[in-house]
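Down below is the structure, laid out as structure tokens.
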Ligand code: CA
């Protein structure tokens, strides 16, 4: 499950990200609405956690803009603005939930779980590339009756490749999506995951093509 955090306070963003990663989420954190906007256009997230007091553009305006563009990503506002009026305005702007700072972590995690349940109740969760399928809800990978029991990070890489296929996934984006703020992951590590994945999917006729200088592309069997 991948979360987008839009929060300009570096300390808050870091603390929040650490807690969310500890809770098992992949987290990408951004300090400005324009960075978050670009990421949303380019990649897929399960929930966005959005602060309201932001540089360049207020969070409310950002949320209205996302909804105007047809972005359906669930948005949870996390803000110090704590009046009833603020909450109503936030929800009316297009947010799905509203939580005020200081917040209790257990409550945030419960609200995230609720948002994810609602989200996955109304999207098709099965993605198919050639003979391979992934359930985006449970992250189960399978081909016909065979389930692929992949280590977490290999599975995350494969999922990114499947979501993007037949487009190329940039190596930097793979590093980003796996590492989030835990920037301990090198580009070399991605190569290791790719090299472990290849022999597992080759028997299905799938190929992970190395696009030099850019990244990787998952290709279906040639017919
Ligand atoms: Ca702020």
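The values are calculated or read from the model by the stated rules, or taken from the named source; none is laboratory data. As the structure is a computational prediction, the values presented were derived from the model and not from experiment. As a convention, Cβ positions derive from the backbone with ideal geometry for all residues, glycine included, and neighbour counts pool all protein chains shown.
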When restricted to 134, 40, the only residue part of a strand (DSSP E or B), in contact with a helix residue (DSSP H, G or I) (Cβ under 9 Å, 6 or more places away or on another chain) and away from the ligand (no atom under 16 Å from the Cβ) is 134
Quick check on my filter: what residues within region 14-30 are within 14 Å of the ligand (Cβ to nearest atom) and either crowded, with 22+ Cβ neighbours inside 10 Å or under 16 Å from the mean Cα position of the chain (by Cα) (or both)? 16, 29, 30
Where residues in region 47-92 are more than 16 Å from the ligand (Cβ to nearest atom) and assigned to a loop (DSSP other than H, G, I, E, B), which of them is farthest from residue 117 (Cα to Cα)? 83
Which one is modelled with the highest pLDDT among residues in region 196-223 that are out of contact with any strand residue (DSSP E or B) (no Cβ under 9 Å at 6 or more places or on another chain) and closer than 29 Å to residue 4 by Cβ? 196
Residues in region 94-114 that are in contact with a strand residue (DSSP E or B) (Cβ under 9 Å, 6 or more places away or on another chain), part of a loop (DSSP other than H, G, I, E, B) and within 16 Å of the ligand (Cβ to nearest atom): how many? 3
